[in-house]
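Notes for the one structure printed next.
The values are calculated or read from the model by the stated rules, or taken from the named source; none is laboratory data. Just so it is clear, the structure is predicted and the values come from calculations on it, not from any experiment. Heads up, the Cβs are rebuilt from the backbone with ideal geometry, glycines too, and the neighbour counts pull from every protein chain shown. Please note that ligands, DNA and RNA were not included when accessible areas were found on the heavy atoms of the full protein model with its side chains. Shrake-Rupley method; radii C 1.70, N 1.55, O 1.52, S 1.80 Å.
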Amino acid sequence: MATDPPTPEITLYFDLVSPFSYIAFQVLKNSPIFQSCKIIYTPVSLRTILTTCGNPPPIAVKNKLIYINRHRLAWSRRLNIPMSQTVPAGFPFPTTDIQSLLALVAVSHPGKVAEVVERLYASVWADGDSASATDSERYTKVLEEVLGSDVVEVLMAEEKQTEGKSLLEANTHRAIEEGAFGLPWLACTSPTREKEGFWGVDHLGLAAEFLGLDVGMESGFRIMMK
């Protein structure tokens, strides 16, 4: 009796501070190209990745911030993803606390983490409201609406917050060990169980090709593959 080939898998390492992680998240979650994949949404610390890898942040490199700001808008238009025209206030804003909470959610409620992240990303990068990721009252409300107040109360306990920071650190170092030096980082496993890592929105097409997916289903991906 014939069996179906193993499901292609993608671990998306992301941080709410990264606009390109937001774009990759939206594509992986909503594009028909990736609907056959198992997607594992894994919160990490972009700051730690950049520091550990000796990769200067955009604000430290002359002209880089201007360049990536233009290209976040260009890619969002190409892939039809809502994006604020202005950079959220305080960018790059601190995300350790919310990313640690999301690391807890990814472990305790993996089926809900994408819904929470989608709502937070929409507020931060579609609406340009960085407070959604930095104001504990704001992001706690989102968590409560998705998970329930009882669950969030447990997640916000002091010992759980310590656990969340440990999970975030472990996720971040695993991403680095798998090759990450920036975000988004996609750790892909093909149906034949080959593994490969891809960095950036502009390599989503190559990731799809590696996984044996139909990249001709959307025009934006056809352009990527040329």
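Odds and ends about this structure:
- When the stretch 35-72 is limited to residues that are under 28 Å from Leu104 (Cβ atoms) and of a type in the set (S, T, N, Q), the one that is surrounded by the most Cβ atoms within 10 Å (Cβ to Cβ) turns out to be Ser45.
- Summed over the stretch 25-34, residues that are under 16 Å from Glu115 (Cα atoms) and open to solvent by 60 Å² or more (accessible area, probe 1.4 Å) total 2.
- Filter pass, Ile49 being modelled with pLDDT of 95 or more and touching a helix residue (DSSP H, G or I) at 6+ places or on another chain (Cβ under 9 Å): yes
- Qualifying positions in the stretch 73-115 - in a loop (DSSP other than H, G, I, E, B) and either under 17 Å from Thr140 (Cα atoms) or of a type in the set (Gly, Ala, Ser) (or both): Ser84, Ala89, Gly90, Pro94, Thr95, His109, Gly111, Lys112
- Beta carbons closer than 6 Å, at least 6 apart along the sequence or on distinct chains, pair a first residue in the stretch 172-184 that is under 11 Å from Ser21 (Cβ atoms) with a second that is at pLDDT 95 or above and open to solvent by 10 Å² or more (accessible area, probe 1.4 Å) for Gly182/Trp199; Leu183/Leu46; Pro184/Phe20.
- One residue from Gly182, Gly205 being buried (at least 20 other Cβ atoms within 10 Å of the Cβ), within 21 Å of Gln26 (Cα to Cα) and touching a helix residue (DSSP H, G or I) at 6+ places or on another chain (Cβ under 9 Å): Gly205
- Applying the condition of being open to solvent by less than 20 Å² (accessible area, probe 1.4 Å) and aromatic (Phe, Trp, Tyr) to the stretch 1-24 and asking which residue is nearest to Arg174 (Cα to Cα) yields Tyr13.
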